[in-house]
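Here the structure comes first, spelled out in structure tokens, and everything after it is commentary.
The values are calculated or read from the model by the stated rules, or taken from the named source; none is laboratory data. Quick caveat, the model's predicted, so the values are computed rather than measured. Methodologically, a virtual Cβ is constructed for each residue, glycine included, from the backbone with ideal geometry; neighbour enumeration extends over all protein chains shown. Surface accessibility is based on the protein's heavy atoms, side chains included, excluding ligands, DNA and RNA. Shrake-Rupley method; radii C 1.70, N 1.55, O 1.52, S 1.80 Å.
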Amino acid sequence: MDHEKKVMLQEIAMQPGFVKDNLDGMLTAMRGMLASREPGTLQHGFMIGCGDSYCAALAARTYMMRATGRFVEPVEALEFSRYLVGDLPANSFVFGVSNSGTVSRTIEGVRLAREKGAWTFAVTVAADNRLAQTAETLIKVNATPNIKVAPDGSRVVTPGTVTYTASMLGLFVAAIAFGERVGHLDAARSAALVAELRALAGAMAEADRTVGPLAERIAATFTPERKTVILGGGPNYATAYFGMAKWFEGLTRPCHVSELEEWAHEQYFITDEATDTLIVLPPGAGRDRGLEQAQAARDMGSRVIIVGETGDAAAKAASDVYFAMPAGIPEALTPFVYKLPFEYLSCHISAQQKVPFLNFNNPKRQQVNFRQIFDSAQKSAATGAAAG
């Protein structure tokens, strides 16, 4: 197996330990930062990012709103910085999410929001990167970067796994601390939420024991001529979106993502015997609709692969392949665990079919990509023009 694939598998395996080892420290730090400022007037929340960071914001939406009692909206960074920030309401708070802290569009959005008077947070790995220096408050996540430097000086770039977990954990921890500070969470409710987060490490480790081997066994069946469609709803629309990203990054192949309802209105029409339909289906508000969509996909000849809870007989019966997740995880927290099949599948398919991650064996592919993400000109609030 290529070195980059081994690194990705190592990073996938790190995730339960990351949650276990970082939760308490991140929560203590967040509580301390919030104690220095009176947040009671803050009413309007936004979480912005690109790529996996945007997925983390999507995954945290329901949790953030329920913990804080505020309406908090995930927004793609350009939509925020170029279209929304000009009309940002008073008493806003903005979480900018970027593992590297160097993504131009997220930095731009945070800078413009801060200029408008919003309380801005950087969810990132270090205090000295551009995002952290742009925001007012740092939410530090201690993740391994996606872009790593090998001993020989070469770069090893892997699809995000533990970095995505870290970004989500930063937002979920912030939600609890913020909810406490504004008085929306009493001590008992806060303690219950922390206990649920703490239990995630065990659930992630339990899932890891079965998901990896199953993904490796079926990887060869995902041949290049087959179509892939991934469905999810609520917090797991983020998981479906993240899964699509792993297909792009790990396999450099087309993949469709669909919100759970929209599949019947859109991707259904390309579903046939050459389609793999993957449905993220935990117990929750969207489960019944997901079962209906699974039946329709099967009626059209698609192979149906469901990520669902252990013991869900109906979901298992509706699938051709079933990834069984540990029981009892609250739906709002399932994105931490239910993403695992997409991480393993993208890595094992890539390894078995000898596909370089991100097509970065082509130096131009990497050069242009880094230019587009890290070196894009930023908009100036004063002039509206782009500035380097």
Net charge (Lys, Arg +1; Asp, Glu -1) of residues whose beta-carbon lies under 14 Å from that of Ser36, Ser36 excluded, is +1
Residues other than Phe93 with Cβ under 12 Å of its Cβ, Lys/Arg counted +1 and Asp/Glu -1, net out at +3
Expressed per residue, the solvent accessible area of the chain in Å² (1.4 Å probe) is about 40
Region 300-373: relative contact order from alpha carbon pairs under 8 Å, six or more residues apart, as a whole percent, is 20
For region 89-238 the mean separation of alpha carbon contacts under 8 Å (6+ apart) over residue count, i.e. relative contact order in percent, is 14
Counting only protein heavy atoms and leaving out ligands, DNA and RNA, the solvent-accessible surface of Arg31 at a 1.4 Å probe, in Å² to the nearest 10, equals 100
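Could you check how many percent of all C-alpha pairs in region 20-83 are farther apart than 13 Å?
Summing the P(r) of region 20-83 above 13 Å gives 70 percent of all pairs.
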Taking only the Cα positions of region 68-224, the convex hull volume per residue in Å³ is 174
Applying the span-like rule to the chain (DSSP H, Cα extent along axis at least 27 Å, Kyte-Doolittle mean at least 0.5) gives 162-181
Taking Asp2, Asp272 and ranking on accessible area (1.4 Å, protein atoms only), highest first, one gets Asp2, Asp272
Taking placed amide H atoms and a strict 5 Å upper bound, the residues 5 or more places from Ile279 or on another chain that come that close are Leu231, Ile305, Ile306, Val307
Here the net charge surrounding Thr134, from other residues whose Cβ is less than 14 Å away from its Cβ (Lys, Arg +1; Asp, Glu -1), is +2
Taking protein heavy atoms only, a 1.4 Å probe, and rounding to whole percent, the accessible area of the chain owed to carbon and sulfur comes out at 53
In whole Hz, the Karplus estimates of ³J(HN,Hα) for region 308-323 (6.51, -1.76, 1.60; θ = phi - 60°; x where Gly or Pro) are x, 7, 3, x, 7, 5, 5, 5, 5, 5, 7, 10, 8, 10, 10, 9
